[in-house]
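The values are calculated or read from the model by the stated rules, or taken from the named source; none is laboratory data. Bear in mind that the values here come from a model prediction, so they are computed numbers and not experimental data. Please note: Cβ atoms are built from the backbone with ideal geometry, for glycine as well, and neighbour counts cover all protein chains shown.
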Amino acid sequence: MDHFARLGLPAALDLELASLDRAYFALQRQWHPDRFVAKPAAERARASVEAAALNDAYRTLKDPLSRAVYLAELSGVEMPGDGKTIDDPELLMEAMEAREELHDAGSAEAVDALAAKVREDMKASLNGLGSLFLAGDKPAIRKALLRLRYLDKFAEEARARRMNLERSSV
């Protein structure tokens with residue numbers, strides 16, 4: 001059963017987060033292992049499996065990028081796993097240039113400006129995914145998601161860079 005079906009939600013890129021929360025918490029109350037403490041071992045085991053699957057579904061669908069990657073995989077888009085080489089020379093160049101710029105950022109303000117630019121880029125890219133899914137353009141979906149993964153990783157690196165700059169200025 002896929003995550004959307006598990007939570008009784010439509011398989012869609014855009015989800016109403018309040019609906020996701022309501023579905024998750026209702027099912028979590030139903031399957032929470034504490035409710036099965038006095039039940040036979042088989043029921044306790046099933047509750048534990050169901051609760052873990054619900055947690056995984058919720059975590060995946062709550063994050064827009066994770067949800068997009070998951071939906072792409074359901075749609076048959078082959079995504080490289082973590083640690084695989086990216087085969088997009090444009091993206092590799094963009095990543096290298098951005099990392100150089102981040103490395104050269106000498107103040108928290110400069111890092112914040114780069115991070116804000118990346119957040120805006122991520123937002124625009126996520127918004128553009130819907131039309132790619134509607135068109136069923138698997139190569140374009142894959143390329144967009146690889147770039148979004150890179151942007152997300154860059155945002156993490158910017159947070160770390162900012163913390164390092166703040167520590168060194170104290």
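Which one of the conditions (1) closer than 30 Å to Glu166 by Cα; (2) part of a helix (DSSP H, G or I) does Gly106 fail to meet, given that it meets all the rest?
(2)
For the condition in contact with a Lys or Arg (Cβ under 9 Å, 6 or more places away or on another chain), assigned to a helix (DSSP H, G or I) and not assigned by TED's automatic domain parsing to the domain that holds Arg161, what is the one hit in Leu13, Leu54, Leu71?
Numbers: Leu13 fails: assigned to a helix (DSSP H, G or I); Leu71 fails: in contact with a Lys or Arg (Cβ under 9 Å, 6 or more places away or on another chain).
Going through Leu13, Leu54, Leu71 in turn, the sole match is Leu54.
Out of Ala113, Ala124, Ala144, I need the residue that is in the same structural domain as Met93 (by TED's automatic domain parsing), surrounded by fewer than 16 Cβ atoms within 10 Å (Cβ to Cβ) and either of a type in the set (Phe, Trp, Tyr) or closer than 17 Å to Leu91 by Cβ (or both). Which one?
Ala124
Going by the conditions given, is Asn127 assigned to a helix (DSSP H, G or I), more than 15 Å from the chain's Cα centre (by Cα), at pLDDT below 95 and of a type in the set (S, T, N, Q)? Spell out the reasoning first.
Values: assigned to a helix (DSSP H, G or I): yes; more than 15 Å from the chain's Cα centre (by Cα): no; at pLDDT below 95: yes; of a type in the set (S, T, N, Q): yes.
Spelling it out, it is not the case that Asn127 is assigned to a helix (DSSP H, G or I), more than 15 Å from the chain's Cα centre (by Cα), at pLDDT below 95 and of a type in the set (S, T, N, Q).
Quick one: count up the residues across the stretch 2-15 that are over 17 Å from Leu129 (Cβ atoms) and free of Cβ contacts under 8 Å to residues at least 24 places away in the same chain.
Result for the stretch 2-15: 2.
Just checking, which of Ala45, Ala98 is farther than 18 Å from Ala140 by Cβ, at pLDDT below 95, more than 20 Å from the chain's Cα centre (by Cα) and not assigned by TED's automatic domain parsing to the domain that holds Ala140? I'd like the intermediate steps shown before the answer.
Working: Ala98 fails: not assigned by TED's automatic domain parsing to the domain that holds Ala140.
Being farther than 18 Å from Ala140 by Cβ, at pLDDT below 95, more than 20 Å from the chain's Cα centre (by Cα) and not assigned by TED's automatic domain parsing to the domain that holds Ala140 holds for just one of Ala45, Ala98, which is Ala45.
Do we find that Gly8 is assigned by TED's automatic domain parsing to the domain that holds Tyr150, loosely packed, with under 15 Cβ neighbours inside 10 Å and outside any helix (DSSP H, G or I) in this structure?
Working: assigned by TED's automatic domain parsing to the domain that holds Tyr150: no; loosely packed, with under 15 Cβ neighbours inside 10 Å: yes; outside any helix (DSSP H, G or I): yes.
Taking the combined requirement at face value, the residue does not satisfy it.
What's the number of the only condition in (1) part of a helix (DSSP H, G or I); (2) in contact (Cβ under 8 Å) with a residue 40 or more places away in the chain; (3) farther than 19 Å from Val69 by Cα that Ala160 fails to meet?
Result: Ala160 passes all but (2).
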